[in-house]
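A short worksheet on the structure shown next.
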There are 2 protein chains.
Amino acid sequence: MVAKNDLKLIRSLHQKKYRTRHGLFLAEGVKVVSELLEGGLEPYRIYSTEPDLLAGAEAVTGAELQKMSALVQPNRTLGVFHIPELHPPAWSGWVLALDGVRDPGNLGTLIRLCDWFGIRELVCSPDTVDCFNPKVLQATMGSLARVGVHYLPLEEVLPQSGLPLFGASMEGAPAASVTLPDKGVLVLGSESHGVSAPVRALLDQVVCVPAFGQAESLNVATAGAILLYEIKRKA
Amino acid sequence: MVAKNDLKLIRSLHQKKYRTRHGLFLAEGVKVVSELLEGGLEPYRIYSTEPDLLAGAEAVTGAELQKMSALVQPNRTLGVFHIPELHPPAWSGWVLALDGVRDPGNLGTLIRLCDWFGIRELVCSPDTVDCFNPKVLQATMGSLARVGVHYLPLEEVLPQSGLPLFGASMEGAPAASVTLPDKGVLVLGSESHGVSAPVRALLDQVVCVPAFGQAESLNVATAGAILLYEIKRKA
């Protein structure tokens, strides 16, 4: 039995405003919740219709889970976690920066790609979608426990990073033809407008994924996948 | 004013059964509809709340569009197209094959990637999601006009292709270390089970995208993006 006040608190976490106010976020599904626990994130409450699945889970009914869930079809387990406190970015190795990425699925995929390629810091412009959005969590799986996601004004912090700044744009040089250093920042722009003008002005080099066919553009997450691969392949 | 029977026909196209029965599919949004028209697909009907946007569009009200649309927020224009007739695959150059990919967003992204990389033929196992699913169309944009998507039993057609067969799996050799010929088939497996056992038994070589971090897996569309890039980079 979940108290009415708890239900209300948890439902409020579907919205960024209340996640920020309470310092809490939601994660759903046994796999995601387990991965976040293993990654060391601090749970506030774990609920499950099958509480034996996870140590520390409180039993709830399907109807209660439905009331808390941000999913159309809730997935047995729901975790409420404390939003981790982050140190400022250390700008060591390669860092990914996102300038105005709005789609939660794209951000989630990019966080998972950072984790795959061993990139520990992701710096997002303040207008990038919130990484604790439930739809982002669905696409990241547990990677959010291993990748620090910072929201900072890029035009202020990138010049202070001390790293060479690379940006992705269709007008850039093919990534395979560019000499890539062993550390730097890769900036990816928004789905509709690319890298914003003030950030573009800071870039040392612009790179692209060469096209061989007629598609007008690549999705930001697939372009990011290829460019991070190219960086790691050469490193 | 859209006749009741037409509304009923168009709504039925949200389901694969009726798309197959009528040989028609839906595409939504001015951009997607224009790209399909430019790509040479044959329209059955085009409707728009702003009919001046597209030659041949019939005027509809917002309420009528809402009734026809598969989207929560319909996007002004909706096109009904004839499903194109395809010749059997020619197996020339590189071909992408998908074995049981279920997520419409993943299939849509992979069709767009084929178009980006100039791959003209995509061969899907019959249990792969239907490429005329409205959610696939949203992710492909107009690429469906330039990439032929075939549904065929892979274990029967791959041996007849005459091409070397490459498959993606985490147990494979890093793609960058493999000699890739100038033509072949790249097989990607389902999100949860990878390449199925009967198809795996046919492969000449298994390749992977090497991991540098701790993420458990890569999404099939991002893994496909990287492997197609690697193939085209070396070709």
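The values are calculated or read from the model by the stated rules, or taken from the named source; none is laboratory data. Since we're looking at a predicted model, the values are computed, not measured. In this analysis, Cβ positions are derived from the backbone assuming ideal geometry, glycine residues included, and neighbour counts consider all displayed protein chains.
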Quick check on segment A:151-166. Is at least one of its residues assigned to a loop (DSSP other than H, G, I, E, B), within 18 Å of the chain's Cα centre (by Cα) and either closer than 20 Å to A:L86 by Cα or of a type in the set (G, A, S) (or both)? yes
Out of the residues in segment B:215-230 that are assigned to a loop (DSSP other than H, G, I, E, B) and free of Cβ contacts under 8 Å to residues at least 60 places away in the same chain, state the one that is nearest to the other protein chains (Cβ to nearest Cβ). B:A215
Does segment B:100-117 include one or more residues that are surrounded by fewer than 20 Cβ atoms within 10 Å (Cβ to Cβ), free of Cβ contacts under 8 Å to residues at least 60 places away in the same chain and closer than 26 Å to A:G108 by Cβ? yes
For residues that are exposed (fewer than 15 other Cβ atoms within 10 Å of the Cβ) and at negative phi, tally how many sit in segment B:152-195. 15
Near pairs, Cβ below 7 angstrom, 6+ apart or cross-chain, from segment B:40-58 (in the same structural domain as B:G148 (by TED's automatic domain parsing)) to any residue that is outside any strand (DSSP E or B): none
Right, B:S177: of a type outside the set (D, E), within 13 Å of chain A (Cβ to nearest Cβ) and farther than 24 Å from B:V33 by Cβ or not? yes
Of (1) in contact with a Pro (Cβ under 9 Å, 6 or more places away or on another chain); (2) of a type in the set (A, V, I, L, M); (3) surrounded by 15 or more Cβ atoms within 10 Å (Cβ to Cβ), B:A59 satisfies every one except (3)
So which of B:D182, B:D204 is away from every other protein chain (no Cβ under 14 Å), of a type in the set (D, E), farther than 16 Å from B:L122 by Cα and over 22 Å from the mean Cα position of the chain (by Cα)? B:D204
Identify all residues within segment A:121-150 that are facing another protein chain (nearest Cβ under 8 Å) and either among the polar types (S, T, N, Q) or not in a helix (DSSP H, G or I) (or both); write none if there are none. A:S143, A:R146
Qualifying residues in segment B:185-194 (those that are farther than 17 Å from B:W94 by Cβ and not charged (D, E, K, R)) - the one nearest to the other protein chains (Cβ to nearest Cβ): B:S192
Out of the residues in segment A:36-53 that are in a strand (DSSP E or B) and out of contact with any helix residue (DSSP H, G or I) (no Cβ under 7 Å at 6 or more places or on another chain), which is farthest from A:D6 (Cα to Cα)? A:S48
Scanning segment A:74-113 residue by residue, the ones that are closer than 21 Å to A:K135 by Cβ, among the hydroxyl-bearing types (S, T, Y) and either away from chain B (no Cβ under 14 Å) or part of a loop (DSSP other than H, G, I, E, B) (or both) total 1
Among the residues of segment A:193-214, what is the count of those that are of a type in the set (A, V, I, L, M, F, W, C), farther than 26 Å from B:G148 by Cα and part of a loop (DSSP other than H, G, I, E, B)? 4
Considering only residues that are under 19 Å from B:E50 (Cα atoms) and of a type in the set (V, I, T), which ones fall in segment B:70-89? B:V72, B:T77, B:V80
Hey, can you tell me all the residues within segment B:155-180 that are touching a residue at least 12 places away in the same chain (Cβ under 8 Å) and closer than 23 Å to A:A235 by Cβ? B:A168, B:M170, B:G172, B:A173, B:P174, B:A175, B:A176, B:V178, B:L180
Take the residues in segment B:1-20 that are part of a helix (DSSP H, G or I) and of a type in the set (A, V, I, L, M, F, W, C); name whichever of them is surrounded by the most Cβ atoms within 10 Å (Cβ to Cβ). B:I10
Return yes when B:A139 is within 11 Å of the chain's Cα centre (by Cα), in contact (Cβ under 8 Å) with a residue 12 or more places away in the chain and closer than 30 Å to A:R146 by Cβ and no when it is not. yes
Is there any pair linking a residue in segment A:188-201 that is of a type in the set (D, E) to one that is crowded, with 17+ Cβ neighbours inside 10 Å, with Cβ under 9 Å and at least six apart or on different chains, and which? A:E191/A:G100; A:E191/A:V101; A:E191/A:D103; A:E191/A:N106; A:E191/A:N219; A:E191/A:V220
All but one of (1) touching a Leu at 6+ places or on another chain (Cβ under 7 Å); (2) surrounded by fewer than 18 Cβ atoms within 10 Å (Cβ to Cβ) hold for A:G23; which doesn't? (1)
Does B:R120 satisfy the criteria of being assigned by TED's automatic domain parsing to the domain that holds B:G29 and out of contact with any Phe, Trp or Tyr (no Cβ under 6 Å at 6 or more places or on another chain)? no
